[in-house]
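Each remark here refers to the structure printed beneath this line.
The values are calculated or read from the model by the stated rules, or taken from the named source; none is laboratory data. Note that the structure is a prediction, hence the values are computed from the model and not measured. Cβ placement follows ideal geometry from the backbone for every residue including glycine, while neighbour counts extend to all protein chains displayed. With ligands, DNA and RNA removed, areas are computed over all heavy atoms of the protein, side chains included. Shrake-Rupley method; radii C 1.70, N 1.55, O 1.52, S 1.80 Å.
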Amino acid sequence: MLAAALRVNHHLAELNITYNSIGDEGARYIGEALQANDTLAVLNLEDNGITAKGVESICAALHLNVALSSIDLGDNAIGERGADFVCHMLRINHTLTALFLSGTSPTPVGAAKICMQLSERHTMTQLGLSFFDFSEECVPHICRALAANPLQLLVLRGNALGDGDARMLTTALVENCTLRHLDLRCGNTFTDVGVAYLASAVSFHPSLQSLLICNRNSETGKAMIADAIAKRRRFRRKTATSLLLGNHWRAGANSSLQAVPTDILRTLTRLVFKAMAVPEVMYCNEGTQLAAGCCCAKVPTLYI
(Lines give C-alpha, C1' and ligand atoms only; values in the text may rest on other atoms or scores of the structure.)
Protein backbone atom coordinates (compact mmCIF):
# COMPACT_ATOMS: atom_id res chain seq x y z
CA MET A 1 0.00 0.00 0.00
CA LEU A 2 2.82 2.41 0.88
CA ALA A 3 4.61 1.80 -2.41
CA ALA A 4 1.36 2.25 -4.33
CA ALA A 5 0.71 5.53 -2.53
CA LEU A 6 4.19 6.78 -3.47
CA ARG A 7 3.38 6.36 -7.14
CA VAL A 8 0.45 8.80 -6.99
CA ASN A 9 1.51 11.08 -4.10
CA HIS A 10 2.93 14.39 -5.32
CA HIS A 11 3.37 16.08 -1.94
CA LEU A 12 5.45 13.78 0.29
CA ALA A 13 9.00 15.08 0.66
CA GLU A 14 10.42 12.74 3.32
CA LEU A 15 9.83 9.06 4.09
CA ASN A 16 11.36 7.31 7.10
CA ILE A 17 10.61 3.59 7.44
CA THR A 18 13.55 2.50 9.57
CA TYR A 19 13.50 -0.76 11.55
CA ASN A 20 10.48 -2.15 9.69
CA SER A 21 12.01 -5.35 8.29
CA ILE A 22 10.73 -4.69 4.78
CA GLY A 23 13.48 -6.91 3.35
CA ASP A 24 14.39 -7.20 -0.31
CA GLU A 25 10.78 -7.57 -1.41
CA GLY A 26 9.79 -4.33 0.28
CA ALA A 27 12.84 -2.63 -1.24
CA ARG A 28 11.70 -3.81 -4.66
CA TYR A 29 8.28 -2.20 -4.18
CA ILE A 30 9.90 1.02 -2.94
CA GLY A 31 12.22 1.00 -5.95
CA GLU A 32 9.34 0.63 -8.37
CA ALA A 33 7.53 3.51 -6.68
CA LEU A 34 10.62 5.74 -6.82
CA GLN A 35 10.68 5.44 -10.59
CA ALA A 36 7.29 7.15 -10.75
CA ASN A 37 7.63 9.56 -7.81
CA ASP A 38 8.90 13.07 -8.50
CA THR A 39 8.63 14.76 -5.08
CA LEU A 40 10.28 12.55 -2.46
CA ALA A 41 13.61 14.12 -1.47
CA VAL A 42 14.64 12.17 1.64
CA LEU A 43 14.38 8.38 2.09
CA ASN A 44 15.54 6.49 5.18
CA LEU A 45 15.61 2.70 4.89
CA GLU A 46 17.98 2.05 7.78
CA ASP A 47 18.03 -1.43 9.35
CA ASN A 48 15.39 -3.13 7.23
CA GLY A 49 17.02 -6.47 6.47
CA ILE A 50 17.84 -5.37 2.93
CA THR A 51 20.61 -7.26 1.11
CA ALA A 52 22.34 -6.73 -2.22
CA LYS A 53 19.20 -7.85 -4.04
CA GLY A 54 17.12 -5.09 -2.46
CA VAL A 55 19.87 -2.52 -2.98
CA GLU A 56 19.85 -3.41 -6.66
CA SER A 57 16.16 -2.44 -6.86
CA ILE A 58 16.71 0.87 -5.06
CA CYS A 59 19.79 1.79 -7.09
CA ALA A 60 18.09 0.91 -10.37
CA ALA A 61 15.31 3.33 -9.47
CA LEU A 62 17.84 6.06 -8.78
CA HIS A 63 19.14 5.73 -12.33
CA LEU A 64 15.86 7.40 -13.34
CA ASN A 65 14.69 9.31 -10.28
CA VAL A 66 15.80 12.95 -10.28
CA ALA A 67 14.01 14.09 -7.11
CA LEU A 68 15.66 12.12 -4.32
CA SER A 69 18.58 13.99 -2.76
CA SER A 70 19.21 11.94 0.40
CA ILE A 71 19.13 8.21 1.11
CA ASP A 72 20.07 6.21 4.20
CA LEU A 73 20.73 2.49 3.73
CA GLY A 74 22.59 2.08 7.01
CA ASP A 75 22.69 -1.20 8.90
CA ASN A 76 21.61 -3.26 5.92
CA ALA A 77 24.12 -5.97 4.99
CA ILE A 78 24.65 -5.10 1.33
CA GLY A 79 28.03 -6.83 0.91
CA GLU A 80 30.46 -6.27 -1.95
CA ARG A 81 27.80 -7.01 -4.57
CA GLY A 82 25.56 -4.33 -3.10
CA ALA A 83 28.54 -1.95 -3.08
CA ASP A 84 28.87 -2.51 -6.84
CA PHE A 85 25.22 -1.50 -7.34
CA VAL A 86 25.80 1.65 -5.28
CA CYS A 87 28.89 2.54 -7.35
CA HIS A 88 27.03 2.11 -10.62
CA MET A 89 24.21 4.29 -9.32
CA LEU A 90 26.66 7.01 -8.26
CA ARG A 91 28.09 7.11 -11.78
CA ILE A 92 24.64 7.69 -13.32
CA ASN A 93 22.69 9.67 -10.72
CA HIS A 94 23.61 13.35 -10.42
CA THR A 95 20.94 14.60 -7.98
CA LEU A 96 21.89 12.66 -4.84
CA THR A 97 23.72 14.90 -2.36
CA ALA A 98 23.49 12.92 0.89
CA LEU A 99 24.42 9.24 1.28
CA PHE A 100 24.44 7.24 4.50
CA LEU A 101 25.86 3.72 4.39
CA SER A 102 27.05 3.18 7.96
CA GLY A 103 27.17 -0.43 9.10
CA THR A 104 26.38 -1.90 5.69
CA SER A 105 29.26 -4.41 5.67
CA PRO A 106 30.38 -3.74 2.08
CA THR A 107 33.68 -5.62 2.69
CA PRO A 108 37.00 -3.73 2.46
CA VAL A 109 37.01 -4.14 -1.33
CA GLY A 110 33.46 -2.80 -1.68
CA ALA A 111 34.16 0.06 0.73
CA ALA A 112 37.19 1.12 -1.32
CA LYS A 113 35.11 1.04 -4.52
CA ILE A 114 32.42 3.28 -3.02
CA CYS A 115 34.95 5.72 -1.55
CA MET A 116 36.72 5.96 -4.91
CA GLN A 117 33.41 6.66 -6.66
CA LEU A 118 32.58 9.37 -4.12
CA SER A 119 35.92 11.02 -4.85
CA GLU A 120 34.83 11.45 -8.47
CA ARG A 121 31.59 13.25 -7.61
CA HIS A 122 31.19 17.00 -7.12
CA THR A 123 27.77 17.38 -5.49
CA MET A 124 27.89 15.50 -2.17
CA THR A 125 27.09 17.52 0.96
CA GLN A 126 26.60 14.74 3.54
CA LEU A 127 28.33 11.37 3.94
CA GLY A 128 27.81 8.79 6.68
CA LEU A 129 30.34 5.94 6.41
CA SER A 130 30.70 4.69 9.97
CA PHE A 131 31.73 1.08 10.69
CA PHE A 132 32.26 0.76 6.95
CA ASP A 133 34.93 -1.94 6.58
CA PHE A 134 37.58 0.68 5.80
CA SER A 135 40.75 -0.49 4.08
CA GLU A 136 43.97 1.53 3.73
CA GLU A 137 42.71 2.73 0.34
CA CYS A 138 39.60 4.39 1.74
CA VAL A 139 40.97 7.45 3.54
CA PRO A 140 42.91 8.79 0.50
CA HIS A 141 39.69 8.50 -1.55
CA ILE A 142 37.70 10.26 1.19
CA CYS A 143 40.31 13.02 1.26
CA ARG A 144 39.89 13.52 -2.49
CA ALA A 145 36.11 13.55 -1.95
CA LEU A 146 36.58 16.30 0.66
CA ALA A 147 38.45 18.40 -1.88
CA ALA A 148 36.06 17.72 -4.76
CA ASN A 149 32.68 18.01 -3.02
CA PRO A 150 30.97 20.77 -0.98
CA LEU A 151 30.71 18.43 2.01
CA GLN A 152 29.11 19.83 5.15
CA LEU A 153 28.79 16.61 7.18
CA LEU A 154 31.26 13.71 7.27
CA VAL A 155 30.77 10.83 9.72
CA LEU A 156 33.55 8.22 9.88
CA ARG A 157 33.01 6.55 13.25
CA GLY A 158 34.37 3.10 13.97
CA ASN A 159 36.82 2.76 11.07
CA ALA A 160 40.04 2.16 13.04
CA LEU A 161 41.51 5.50 11.93
CA GLY A 162 44.79 6.64 13.43
CA ASP A 163 47.27 9.51 13.44
CA GLY A 164 48.25 9.10 9.79
CA ASP A 165 44.61 9.31 8.76
CA ALA A 166 44.18 12.43 10.90
CA ARG A 167 47.10 14.01 9.04
CA MET A 168 45.58 13.20 5.63
CA LEU A 169 42.15 14.49 6.64
CA THR A 170 43.62 17.73 7.98
CA THR A 171 45.56 18.25 4.74
CA ALA A 172 42.40 17.65 2.72
CA LEU A 173 40.52 20.22 4.80
CA VAL A 174 42.88 22.89 3.48
CA GLU A 175 41.12 22.49 0.12
CA ASN A 176 37.63 22.24 1.61
CA CYS A 177 35.92 25.35 2.93
CA THR A 178 32.41 23.96 3.49
CA LEU A 179 32.68 21.18 6.10
CA ARG A 180 30.74 21.94 9.27
CA HIS A 181 30.60 18.64 11.14
CA LEU A 182 33.30 15.95 11.35
CA ASP A 183 32.62 12.88 13.53
CA LEU A 184 35.60 10.60 14.17
CA ARG A 185 34.52 8.96 17.43
CA CYS A 186 34.02 5.33 18.44
CA GLY A 187 36.65 2.92 17.21
CA ASN A 188 39.09 5.53 15.92
CA THR A 189 42.12 6.02 18.17
CA PHE A 190 44.21 9.18 17.97
CA THR A 191 47.27 9.89 20.07
CA ASP A 192 48.33 13.46 20.80
CA VAL A 193 50.07 13.47 17.42
CA GLY A 194 46.77 12.94 15.60
CA VAL A 195 44.97 15.41 17.85
CA ALA A 196 47.59 18.02 16.99
CA TYR A 197 46.73 17.66 13.31
CA LEU A 198 42.99 17.90 13.98
CA ALA A 199 43.47 20.83 16.36
CA SER A 200 45.13 22.76 13.53
CA ALA A 201 42.03 22.11 11.42
CA VAL A 202 39.87 23.56 14.20
CA SER A 203 41.94 26.74 14.25
CA PHE A 204 42.20 27.40 10.50
CA HIS A 205 39.06 25.94 8.89
CA PRO A 206 36.56 28.68 7.96
CA SER A 207 33.33 26.76 8.58
CA LEU A 208 34.05 23.78 10.86
CA GLN A 209 31.54 23.87 13.70
CA SER A 210 31.87 20.44 15.27
CA LEU A 211 34.72 18.00 15.72
CA LEU A 212 34.09 14.75 17.59
CA ILE A 213 37.12 12.61 18.44
CA CYS A 214 38.37 10.08 21.00
CA ASN A 215 41.78 10.81 22.52
CA ARG A 216 41.82 8.40 25.49
CA ASN A 217 41.40 11.31 27.87
CA SER A 218 44.83 12.83 27.23
CA GLU A 219 45.35 16.10 29.09
CA THR A 220 47.76 17.22 26.35
CA GLY A 221 45.17 16.53 23.67
CA LYS A 222 42.54 18.49 25.57
CA ALA A 223 44.91 21.41 25.93
CA MET A 224 45.68 21.42 22.20
CA ILE A 225 41.98 21.47 21.27
CA ALA A 226 41.26 24.16 23.86
CA ASP A 227 44.12 26.27 22.49
CA ALA A 228 42.82 25.82 18.94
CA ILE A 229 39.37 26.94 20.06
CA ALA A 230 40.90 30.02 21.67
CA LYS A 231 42.80 30.87 18.48
CA ARG A 232 39.66 30.35 16.42
CA ARG A 233 37.68 32.58 18.77
CA ARG A 234 40.24 35.38 18.61
CA PHE A 235 40.26 35.18 14.82
CA ARG A 236 36.47 35.14 14.39
CA ARG A 237 35.46 36.90 17.62
CA LYS A 238 33.00 34.14 18.49
CA THR A 239 32.17 33.33 22.10
CA ALA A 240 31.76 29.90 23.63
CA THR A 241 28.73 29.91 25.93
CA SER A 242 28.25 26.24 26.85
CA LEU A 243 30.68 23.61 28.10
CA LEU A 244 29.89 19.93 28.74
CA LEU A 245 32.50 17.90 30.60
CA GLY A 246 32.54 14.09 30.61
CA ASN A 247 33.13 11.77 33.55
CA HIS A 248 36.95 11.91 33.38
CA TRP A 249 37.07 15.69 33.48
CA ARG A 250 37.69 16.41 37.16
CA ALA A 251 36.02 19.25 39.04
CA GLY A 252 38.35 19.14 42.07
CA ALA A 253 41.67 20.73 42.94
CA ASN A 254 43.35 19.17 39.90
CA SER A 255 40.53 20.19 37.61
CA SER A 256 40.90 19.59 33.89
CA LEU A 257 39.28 22.98 33.47
CA GLN A 258 42.83 24.29 33.72
CA ALA A 259 43.20 23.17 30.09
CA VAL A 260 40.44 25.54 29.01
CA PRO A 261 41.51 29.15 28.38
CA THR A 262 40.28 31.62 30.99
CA ASP A 263 38.68 33.88 28.37
CA ILE A 264 36.44 30.97 27.30
CA LEU A 265 35.47 30.14 30.89
CA ARG A 266 34.68 33.80 31.49
CA THR A 267 31.95 33.77 28.83
CA LEU A 268 30.16 30.55 29.82
CA THR A 269 26.48 30.69 30.60
CA ARG A 270 26.12 26.93 31.08
CA LEU A 271 28.55 24.45 32.63
CA VAL A 272 27.65 20.76 32.94
CA PHE A 273 29.56 17.85 34.52
CA LYS A 274 27.95 14.63 33.32
CA ALA A 275 28.95 10.97 33.55
CA MET A 276 29.32 9.42 30.09
CA ALA A 277 30.33 6.06 28.71
CA VAL A 278 33.00 7.82 26.63
CA PRO A 279 34.79 10.88 28.07
CA GLU A 280 33.83 13.88 25.99
CA VAL A 281 33.88 17.63 26.12
CA MET A 282 31.60 19.82 24.05
CA TYR A 283 31.98 23.50 23.29
CA CYS A 284 29.07 25.40 21.76
CA ASN A 285 29.32 28.72 19.98
CA GLU A 286 27.20 31.69 20.89
CA GLY A 287 23.55 31.42 19.90
CA THR A 288 23.41 27.62 19.83
CA GLN A 289 21.69 25.14 22.09
CA LEU A 290 23.47 22.34 23.92
CA ALA A 291 22.43 18.89 22.67
CA ALA A 292 23.90 16.54 25.27
CA GLY A 293 24.20 12.95 24.12
CA CYS A 294 23.31 13.72 20.50
CA CYS A 295 25.03 11.16 18.25
CA CYS A 296 25.09 13.28 15.10
CA ALA A 297 25.93 16.84 16.10
CA LYS A 298 23.17 19.05 14.77
CA VAL A 299 24.50 22.12 16.59
CA PRO A 300 27.97 23.71 16.51
CA THR A 301 30.04 21.64 18.95
CA LEU A 302 33.59 20.63 19.60
CA TYR A 303 34.27 17.31 21.33
CA ILE A 304 37.42 15.66 22.57
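Some notes on this structure:
- Given charges at beta-carbon only (K, R positive; D, E negative), |dipole| of the stretch 1-76 in Debye: 240 debye
- By average C-beta atoms within 10 angstrom, highest first, the peptides 55-61, 85-91: 55-61, 85-91
- Per residue, in Å², the accessible surface of the stretch 152-206 once ligands and nucleic acids are set aside, probe 1.4 Å: 36 Å²
- Accessible surface calculations at 1.4 Å, restricted to protein heavy atoms, place the stretch 32-141 at 36 Å² per residue.
- List 47, 38, ordered by accessible area with a 1.4 Å probe, largest first: 38, 47
- Spin-label pair residue 171/residue 16, simplified geometry with 7 Å Cα→Cβ offset, distance in nm: 3.9 nm
- Cβ-Cβ FRET estimate between residue 227 and residue 47, R0 fixed at 35 Å, reported to 0.05: 0.30
- Placing a label point 7 Å from the Cα of residue 63 along the Cα-to-Cβ direction, the residues of the stretch 88-122 whose backbone N falls under 11 Å of that point are 88-89, 92-93.
- Rounded to whole Hz, the Karplus (6.51, -1.76, 1.60) HN-Hα couplings of the stretch 93-102, x for glycine and proline: 7, 10, 9, 5, 10, 10, 9, 10, 10, 4
- Tensor-based shape of the stretch 70-111 (alpha-carbon gyration tensor, a/c under 1.5 rounded, otherwise prolate or oblate): oblate
- Backbone amide hydrogens, once placed in the peptide plane, bring residue 130 within less than 5 Å of 101, 102, 103, 157, excluding anything fewer than 5 places away on its chain.
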